[in-house]
1. Looking at region 133-150, I want the residues that are in the same structural domain as Gly171 (by TED's automatic domain parsing) and closer than 14 Å to Gly105 by Cβ and have a partner that is part of a helix (DSSP H, G or I) and charged (D, E, K, R) with Cβ atoms under 7 Å, at least 6 apart or on another chain. Which pairs are those?
2. Hey, can you tell me all the residues within region 114-171 that are surrounded by fewer than 20 Cβ atoms within 10 Å (Cβ to Cβ) and within 16 Å of the chain's Cα centre (by Cα)?
3. Show me the helices (runs of 4 or more DSSP H) entirely contained within region 88-181 in which 3 or more residues are over 30 Å from Ala256 (Cα atoms).
4. So is Ile32 surrounded by 15 or more Cβ atoms within 10 Å (Cβ to Cβ), within 20 Å of Asp3 (Cβ to Cβ) and either in contact with a Leu (Cβ under 8 Å, 6 or more places away or on another chain) or of a type in the set (S, T, N, Q) (or both) or not?
5. Exactly one of these conditions fails for Leu198: (1) modelled with pLDDT of 95 or more; (2) assigned to a helix (DSSP H, G or I); (3) aliphatic (A, V, I, L, M). Give me its number.
6. In region 178-193, which residues are surrounded by 19 or more Cβ atoms within 10 Å (Cβ to Cβ) and of a type outside the set (Val, Ile, Thr)?
7. So in region 182-221, with the set limited to residues that are of a type in the set (Val, Ile, Thr) and within 12 Å of the ligand (Cβ to nearest atom), which one is farthest from Ala128 (Cα to Cα)?
Amino acid sequence: MTDKYAVIGNPIDFSKSPFIHGEFARSLGHDIAYTKILGPIGGFKEAVDALRAAGGRGINITAPFKLDAFAYADERSPSAELAGAVNCLKLDGPRIVGENFDGVGLVRDTVHNLGQPLAGRRVLLLGAGGAARGALLPFLAEGPAELVIANRSDGKAQELAAIALRHAPAGTSVRASGYGALEGQRFDVVFNATSASLRGELPPVPASVFSGCALAYELAYAKGMTPFLRLAVNAGVTRCADGVGMLAEQAAEAFAWWRGVRPRTEAVIESLRVPLE
Ligand code: ATR
């Protein structure tokens with residue numbers, strides 16, 4: 001019997017999830033149907049209830065419903081709790097479980113696909129919104145030497161750093177920073193988890209952070225050479241990435257969680273990659 005899954009968002013037309021999960025299923029010989037649901041604003045619960053009633057086994061959640069999904073879940077993983085957002089629900093058990101695989105997907109892409117370990121390295125995370133929060137636990141699990149969280153509004157960076165500190169392994173130092181105070185500091189890997197690139201803006205990060213930097217990673221997907229990546233390249237960074245690998249890896253985590261087998265991601269990443277130019 002065909003197993004039913006879906007992604008819900010508003011808007012939803014742009015979503016690559018049906019393609020990604022369709023490719024995963026095809027590569028593994030699984031029989032699934034994965035559809036897009038345009039969720040009515042204020043109507044998340046009814047839409048997911050309807051999918052469940054129709055036998056739906058799982059659903060991915062994109063903007064603006066990640067908080068609704070958080071509330072819908074009977075229980076949530078530590079990553080979802082910390083992110084305050086759920087991007088994946090398992091619907092076929094007695095209790096609805098919520099997960100957030102964005103951060104784990106980001107780390108998997110960075111370490112495994114891009115070959116840049118975070119263990120023992122100096123990591124700079126730009127932004128303190130939902131995307132940054134989601135990355136926190138998976139980053140800390142890698143044991144970086146240093147994790148610096150920089151944000152425009154200082155209070156949010158402080159708040160996130162305080163949470164991170166509670167989860168940091170021995171040997172990882174964590175601190176918050178304003179952008180100006182980053183001048184003269186160097187990092188091995190720099191992640192842009194702000195939403196600035198969605199509007200073609202540049203977070204006010206000094207170019208000096210890229211001195212000796214091995215990887216500049218833009219979490220946004222398919223925005224080409226964003227102002228952040230351009231700054232990194234102009235500062236001499238030779239390795240840049242956008243969020244295509246993160247997108248595929250979070251989907252692979254969801255697929256594995258739902259279906260017990262982790263698909264390979266290389267082919268999907270290659271077919272979704274938009275050149276950085
Ligand atoms: P998301 O879920 O994408 O993380 P969010 O929770 O609204 O979205 O958070 C957006 C993040 O991008 C915030 O850290 C925000 O900084 P502030 O907290 O100071 O507002 C950051 N951001 C957005 N536009 C930015 C810009 N032009 N420069 C720097 N940071 C920016």
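1. What qualifies is Gly134/Asp102.
2. Within region 114-171, Leu114, Gly129, Gly130, Ala141, Glu142 qualify.
3. 154-167
4. no
5. The number of the failed condition is (1).
6. Leu182, Phe187, Asp188, Phe191, Asn192, Ala193
7. The selected residue is Val205.
To keep it simple, each residue is scored yes or no on (1) out of contact with any Lys or Arg (no Cβ under 7 Å at 6 or more places or on another chain); (2) of a type outside the set (A, V, I, L, M); (3) not assigned by TED's automatic domain parsing to the domain that holds Arg264.
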residue	(1), (2), (3)
Ile32	yes, no, no
Ala53	yes, no, no
Pro64	yes, yes, no
Arg76	yes, yes, no
Ala80	yes, no, no
Leu91	no, no, no
Asp109	yes, yes, yes
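The values are calculated or read from the model by the stated rules, or taken from the named source; none is laboratory data. All values derive from a computational prediction rather than experimental measurement. Backbone-built Cβ (ideal geometry, glycine too); neighbour counts: all protein chains shown.
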